[in-house]
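The values are calculated or read from the model by the stated rules, or taken from the named source; none is laboratory data. Bear in mind the structure is a predicted one, so any value in this text is a computation, not a measurement. A quick note on method: Cβ atoms are made from the backbone with ideal geometry, for glycine too, and the neighbour counts reach across all protein chains shown.
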Amino acid sequence: MTEKKKHIKIIATGGTIAGSGNSPTTITGYTPGTKDIKEIIKDIPLVTEENEISYQQLFNIDSVDMTNELMIQLAKHLQKSLEDESIDGAVVTLGTDTLEEVGYFLHLVLNTDKPVILVGAVRPATAIGTDGLINLHQAINVAADNQSVNKGVLIVMNSRILSARYVTKVNTTMTDAFQSLETGAIGNIVGDRVYYFYDRPSFKHTHETIFDINDLTWLPKVSIVIAHQGDDNFQIKEAVNRKCEGLIIATAGGYTISTKISEYLKNIVTSNIKIVRTSRLGHGITSKTHLENEYNFIASETLNANKSRILLMLLIKYKIKNNDLQDYFNKY
Ligand code: GLU
């Protein structure tokens with residue numbers, strides 16, 4: 001008996017995978033989000049014949065223009081598609097610049113155990129040796145693979161399968177731009193075979209979280225401030241004055257904060273702003289210390305600054321009590 005074809009829905013949102021340059025060697029200075037998904041999938045006939053593919057161009061943007069509103073729109077659209085019994089899994093094409101944030105947001109708010117795969121490209125669709133087509137081909141294969149069920153949102157780039165919980169963009173131009181720095185890839189793709197090294201992230205995701213995309217129409221303002229030599233608090237003061245509800249402070253190293261910042265923050269701990277302490281290094285854990293008690297900080301633990309912002313926006317929106325915030329950073 002031949003197995004029924006898997007029905008994979010592709011939701012296209014733009015990025016370099018849909019980008020066009022002036023010449024076949026243009027790999028920077030091109031325009032992201034120009035080609036329609038209908039045009040792109042014509043070039044990967046094998047995987048589209050082996051599976052039943054439906055697709056939709058939701059929008060066509062550079063992912064640096066991915067607002068909270070568009071991200072919520074994408075999540076709602078995905079949720080609705082995944083609730084359709086005829087659909088076995090979804091693939092989202094998007095720009096790579098904010099992929100790690102969009103991926104983690106979807107990982108937290110979607111209520112599904114079906115495979116959801118995010119995919120992009122580092123070289124535009126018009127470049128010689130564009131990585132977009134092979135990435136999309138592999139993303140469809142991963143979405144159609146039975147092993148991909150209940151793993152949370154996954155990223156497929158450069159023949160690697162990465163968890164949205166851990167993945168980060170680490171390179172501006174190389175095709176190996178996505179890595180999960182401490183944990184490594186969750187799997188690999190070789191030819192059409194999908195290999196998983198481990199089962200799923202140990203942190204809660206998709207149907208295991210308290211978040212539900214149906215509850216969301218907007219997200220509160222949370223900003224990221226990166227500490228640096230000669231820091232005079234300008235950014236933190238601006239964020240506080242503009243009534244940010246949450247602030248992610250990426251300290252310069254492992255955990256200390258400058259004397260100027262600590263003196264300033266001492267005076268605002270009683271205000272409503274929620275502050276997550278993380279590191280600008282982007283690699284390694286920011287664990288809880290005496291600073292959390294002294295300043296009412298939340299330690300980002302295993303999340304980097306970009307992902308901490310996503311989680312804090314959701315926790316503020318869900319009105320989670322101050323005393324419980326650290327627990328969510330430990331478990332999500
Ligand atoms: N800035 C563009 C975007 O995020 C290009 C990045 C990419 O797709 O590689 O859409």
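What the table shows:
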quantity	calculated
Some residue of the range 50-69 being outside any loop (DSSP other than H, G, I, E, B) and modelled with pLDDT under 95	yes
When residues of the range 23-46 are limited to those that are more than 16 Å from the ligand (Cβ to nearest atom) and not hydrophobic (A, V, I, L, M, F, W, C), the one farthest from ILE155 (Cα to Cα)	SER23
Residue among LEU291, LEU325 that alone is part of a helix (DSSP H, G or I), surrounded by 17 or more Cβ atoms within 10 Å (Cβ to Cβ) and under 26 Å from the mean Cα position of the chain (by Cα)	LEU325
Scan of the range 28-46 for residues that are in contact with a helix residue (DSSP H, G or I) (Cβ under 9 Å, 6 or more places away or on another chain) and either without any contact (Cβ under 8 Å) to a residue 12 or more places away in the chain or not in a helix (DSSP H, G or I) (or both), ordered by number	TYR30, PRO32, GLY33, THR34, LYS35, ASP36, GLU39, LYS42, ASP43, ILE44
Criterion violated by ALA250 - all others in (1) part of a helix (DSSP H, G or I); (2) in contact with a Lys or Arg (Cβ under 6 Å, 6 or more places away or on another chain) satisfied	(1)
Candidates ASP232, ASP176, filtered to the one that is over 30 Å from GLN138 (Cα atoms) and either at pLDDT below 90 or not small (Gly, Ala, Ser) (or both)	ASP232
All positions within the range 171-217 that are surrounded by fewer than 16 Cβ atoms within 10 Å (Cβ to Cβ) and within 16 Å of the ligand (Cβ to nearest atom)	ASN171, THR172, THR173, MET174, ASP176
Cross-chain or 6+ apart pairs with Cβ under 6 Å, the range 297-317 first and in contact (Cβ under 8 Å) with a residue 24 or more places away in the chain and in a helix (DSSP H, G or I), then surrounded by fewer than 24 Cβ atoms within 10 Å (Cβ to Cβ) and of a type in the set (Val, Ile, Thr)	ALA305/ILE224; ARG309/ILE224
Residue within the range 101-115 that is away from the ligand (no atom under 11 Å from the Cβ) and either basic (Lys, Arg) or at positive phi (or both) present	yes
Residue in the range 186-204 that is touching a residue at least 60 places away in the same chain (Cβ under 8 Å) and of a type in the set (S, T, N, Q) present	no
Selection count, the range 243-263, where residues are closer than 20 Å to ASN306 by Cα and modelled with pLDDT under 90	5
Selection from the range 1-22 of residues that are over 19 Å from the mean Cα position of the chain (by Cα), surrounded by 23 or more Cβ atoms within 10 Å (Cβ to Cβ) and hydrophobic (A, V, I, L, M, F, W, C)	ILE8
Of the criteria (1) in contact with a helix residue (DSSP H, G or I) (Cβ under 6 Å, 6 or more places away or on another chain); (2) free of Cβ contacts under 8 Å to residues at least 60 places away in the same chain, which one VAL167 fails	(2)
Pair list, Cβ under 9 Å, 6 or more apart: the range 83-96 residue more than 17 Å from ILE140 (Cα to Cα) and β-branched (Val, Ile, Thr), other residue within 16 Å of the ligand (Cβ to nearest atom) and assigned to a loop (DSSP other than H, G, I, E, B)	THR96/GLY15; THR96/GLY120; THR96/ALA121; THR96/VAL122; THR96/ALA177
Criterion violated by ILE128 - all others in (1) within 11 Å of the ligand (Cβ to nearest atom); (2) farther than 23 Å from LEU78 by Cα satisfied	(1)
The range 231-247, residues that are part of a helix (DSSP H, G or I) and within 23 Å of the chain's Cα centre (by Cα)	none
Residue match in the range 150-170 (condition: buried (at least 18 other Cβ atoms within 10 Å of the Cβ), assigned to a loop (DSSP other than H, G, I, E, B) and at pLDDT below 95)	no
Inter-residue pairs, beta-carbon under 7 Å, first among the charged types (D, E, K, R) and within 16 Å of the ligand (Cβ to nearest atom) and in the range 47-74, second assigned to a strand (DSSP E or B) and at pLDDT 95 or above, 6+ apart	ASP62/GLY14
